[in-house]
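These notes are about the structure you will find just below.
None of the figures in this text is laboratory data; all of them are computed from the coordinates on show. Keep in mind that this is a model prediction, so the values were computed, not measured. Glycine gets a Cβ as well: all are built from the backbone with ideal geometry, and neighbour counts include every protein chain shown.
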Amino acid sequence: MAATVNTVTGPISSEDLGKTLVHEHFMFGYPGYQGDATLGPFDREEAVRVGVAAAERAKSHGVKTIIDATPNECGRNVEVLREISERAEIQIVCSTGYYYEGEGAPAYFNFRRALGTAEEEIYEMFSREITEGIAGTGIRAGVIKLASSKDAITDYEAMFFSCGARVQKETGTPIITHTQEGTMGPEQAELLVSEGADPRRCQIGHMDGNTDVVYHMNTLAHEVNVAFDRFGIQGIVGAPMDEARTACLIGLLGMGYTERILLSHDTVNLWLGRPLRMPEQLQRLLANWHIGHLFENIIPKLRQAGVTEEQIETIFVENPKRLFDPLPVREAAGATPS
Ligand SMILES: [Zn+2]
C-alpha cells in the first residue's frame with residue numbers, strides 16, 4: 001500500500017514521487033543572517049526566480065520531486081517553496097527540524113531546556129508541522145530533519161532525535177539527518193532505533209563526508225539508509241573530493257547495497273543574507289556544485305564502472321519511495337553481498 005507524502009502543494013501518493021533528489025536547499029541562511037538585513041535584505045522575487053531555475057534544471061534530468069532539507073531556523077520559507085513548486089511544476093517536500101548545535105540557533109530551545117519544557121515543545125512542533133501545517137500556511141512538512149555535531153551528538157541535539165523518533169512512530173514520517181563531516185552515522189542510527197524509529201524510514205545524511213567503506217558498512221548494519229548527498233561540495237565543510245566519494249559509492253554498490261543508498265547535492269541555490277564572495281580557488285573547487293551535477297557528471301562515471309540503469313533507477317526512484325513506504329521486513333532488501 002502506498003503512503004501519503006506531504007508536499008508543499010498538498011498530499012501525494014508515494015507512488016507519484018518519481019525521480020527524487022533527497023537533500024537540497026532552495027534557500028539557506030546560517031542563523032545570524034537576519035541581523036545583516038541592511039546589506040543583505042531578503043529578495044523574494046529573486047528567491048523564486050533562482051528556485052524556479054534550479055527546479056527547471058533538475059526537471060530537465062527527469063527529476064519530479066525535490067526534498068528541501070532546510071531546518072526551521074535556517075531560513076525555511078515554505079510559501080516561497082510553494083510558489084517555486086507551482087511555477088516550475090515540480091513537487092517539493094519541506095522539512096520540520098532544527099540544525100546541529102554548532103551552526104544552528106540553539107539558544108532558543110536551550111533556554112527552554114533549562115526550564116524543563118523543551119522536549120515536549122519540540123515534540124509538539126514536529127507533530128503540529130506534520131499533521132496540521134507550518135505557521136498558519138496549511139503547508140505540511142513531509143520529512144523530519146535532525147542533525148548532530150562532529151564526533152558528538154550533544155544533549156541539545158539528542159532532544160530532537162528523541163522527539164523525531166517519537167513523531168515518526170506516530171505519523172510514519174521519514175527522518176533525514178545531517179552528520180557533520182560524515183561522523184556519528186552509526187551512533188545516529190543506534191539512537192534513532194533505540195528511541196523507536198524504523199531504520200528503514202531513516203536516511204543518515206552527508207555520509208559521503210566519510211569515504212571509509214567499513215564505516216559505511218557499520219552504519220548500514222543498523223538497517224538504515226545512507227545518503228551520499230553532497231556531490232559537488234569540495235574544499236569546504238570538511239567534504240572530500242568527488243572522486244573519493246564516487247569510489248566509495250561504487251564500492252558499496254558493487255557490494256550489494258544499492259537499495260539502501262540515496263544521492264543528492266545539498267545545493268544552496270540562494271544564500272540568505274549578503275551575497276557570498278568566494279575566493280577564486282574555492283570557486284573552482286565548487287564549480288560543479290549545482291543541481292544537475294549528478295546527472296551531468298557523476299552518473300556517467302558510475303556507468304563506466306559497471307553500475308546498471310536498473311541500479312540508477314532504484315537509487316533515484318525506488319529508494320526515496322521506500323523511505324516513505326518501506327517494504328515489509330521480510331521483503332526488505334538487505335545488505336546481501338552479490
Ligand atoms: Zn543540507
Between the residues A55, L252, T267, the Cα farthest towards the positive end of the dipole of the chain, that dipole coming from +1 and -1 charges on the beta-carbon of Lys, Arg, Asp and Glu, is from A55
Using +1 at the C-beta of Lys and Arg and -1 at the C-beta of Asp and Glu, which of M159, H290, T211 has the Cα lying farthest in the positive direction of the dipole of the chain?
H290
Can you give the longest run of the chain that contains no trypsin sites (Lys or Arg not before Pro) sitting in a DSSP loop with at most 14 other Cβ atoms inside 10 Å?
1-149
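Please give the contour-minus-distance gain from A135 to E190: 0.36 nm per residue of separation, less the Cα-Cα distance, rounded to one decimal in nm.
Numbers: separation 55, 0.36 × 55 = 19.80 nm, distance 3.20 nm.
Working it through step by step, the gained length comes to 16.6 nm.
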Using the Karplus curve 6.51 cos²θ - 1.76 cosθ + 1.60 with θ = phi - 60°, work out ³J(HN,Hα) for each residue of segment 35-43 in order, rounded to whole Hz, and write x for Gly and Pro.
x, 9, 5, 5, 9, x, x, 7, 10
Please state, as a whole number in µm²/s, the translational diffusion coefficient that the Stokes-Einstein equation yields for the chain at 4 °C and 1.567 mPa s, with Rh defined as the Kirkwood radius across alpha carbon pairs.
65 µm²/s
Checked against a 28 Å limit on the C-alpha separation, the offending pairs among K301/K321; K19/K145; K145/K301; K169/K301 are K145/K301; K169/K301
Can you list the residues, at least 5 places off or on another chain, whose amide H is less than 5 Å from the amide H of H206, using H built in the peptide plane?
T179, A227, D229
So between E45 and T154, what do we pick up on full extension, going 0.36 nm a residue minus the alpha carbon distance?
35.5 nm
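Using just the helices of the chain, give the 222 nm mean residue ellipticity in deg cm²/dmol: DSSP H runs with n ≥ 4 each add -39,500 (n - 2.57), and the total is spread over all residues, rounded to 500.
Working: 12 runs with 121 residues, N = 338.
The per-residue figure over the chain is -10500 deg cm²/dmol.
Suppose R0 equals 41 Å. What FRET efficiency, 1/(1 + (r/R0)^6) with r the Cβ-Cβ distance, do L282 and M1 give to the nearest 0.05?
For L282 and M1, the calculated efficiency is 0.30.
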Amide hydrogen neighbours beyond the local backbone of A147, cut-off 5 Å, H modeled:
H178
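Among DSSP beta bridges lying fully in the chain, give the percent that are antiparallel, nearest 5. Provide the component values of the computation, followed by the final result.
Numbers: 5 of 28 bridges.
Antiparallel bridges: around 20 percent, rounded to the nearest 5.
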Can you give me the Rg/Rh ratio for segment 73-189, using Cα atoms for both radii and the Kirkwood formula for Rh?
0.98
Cβ charges +1 (Lys, Arg) and -1 (Asp, Glu), total dipole of segment 59-180, debye:
340 debye
In whole Hz, the Karplus estimates of ³J(HN,Hα) for segment 284-297 (6.51, -1.76, 1.60; θ = phi - 60°; x where Gly or Pro) are 5, 5, 9, 4, 9, 7, 8, 6, x, 4, 4, 6, 7, 10
Using alpha carbon centroids, what distance separates segment 179-241 and segment 4-41, in Å?
21 Å
Tell me, in nm to one decimal, what length is gained between F111 and R128 on full extension, where the rule is 0.36 nm per residue of separation less the Cα-Cα distance?
4.0 nm
Any idea what the dipole of the chain comes to, in debye rounded to 20, about its Cα centre with Lys/Arg Cβ at +1 and Asp/Glu Cβ at -1?
400 debye
